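Heads up: the structure comes next, in structure tokens.
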Amino acid sequence: MKKVLMAFLLALVIISSTTSPAAAADSNATAAVALFIDTSGHYIPGVDILNKALNEVIRFKINVLLLGSEVQSGNEVLRDLNRCNVNSAADATLEELAKYGNDRHVNYIVLVSVRPLDVALDLKAYSTADNAYIVDKSVTRPDGTEAASVVDTLSDMVGNEVAQVLQTIHGS
């Protein structure tokens, strides 16, 4: 299990090093993507590795869609959301997201909350222009993935869902 996880992380690092990094603080960014890991207060070994791997998946999807300069992601987004009192996707209010959008000059805020114990995720996409959520859904483990590792399954889920939301945003 450890060898598979390490090989997966190594592959992500190699792939991400060959693409241009996403802009962390671009003042003309279209969107910001924040990843929250919801452990429900339980200690889960390897959460930091899971967080890093899923953030790399998000960055990879951003770069594949050629949105690197238009999308902010990573720890800087989490830090700035925290300053606006957004500590998780579940407790985010429209007012707090509007403040963040105004402060960081972004049009859309995508909140991804991963629940590794349930192998599920919650996804919210907020539009500053509409002051409303344009996407608000929960995604559970797809059928046929029981044999795959939690990291592989969550990586696929996050990658697919983030790509769909970013394509929707980019098309509007």
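The values are calculated or read from the model by the stated rules, or taken from the named source; none is laboratory data. Computed from a prediction, not measured in an experiment: that's the story for all the values here. Here the Cβ positions follow ideal geometry from the backbone for every residue, glycine too, while neighbour counts run over all protein chains shown.
Please state which one of LEU67, LEU81 is assigned to a helix (DSSP H, G or I), surrounded by 15 or more Cβ atoms within 10 Å (Cβ to Cβ) and either within 16 Å of the chain's Cα centre (by Cα) or among the basic types (Lys, Arg) (or both). Please lay out each step first, then the result.
Working: LEU67 fails: assigned to a helix (DSSP H, G or I).
The unique qualifying residue is LEU81.
I'd like the residue in the stretch 135-152 that is within 15 Å of the chain's Cα centre (by Cα) and not charged (D, E, K, R) and, out of all such residues, is surrounded by the fewest Cβ atoms within 10 Å (Cβ to Cβ). Among them, the one singled out is SER138. For the stretch 146-172, residues that are touching a residue at least 24 places away in the same chain (Cβ under 8 Å) and outside any helix (DSSP H, G or I) total 1. Residues being more than 21 Å from LEU123 (Cβ to Cβ), modelled with pLDDT under 75 and among the hydroxyl-bearing types (Ser, Thr, Tyr) are represented in the stretch 22-45 by at least one member.
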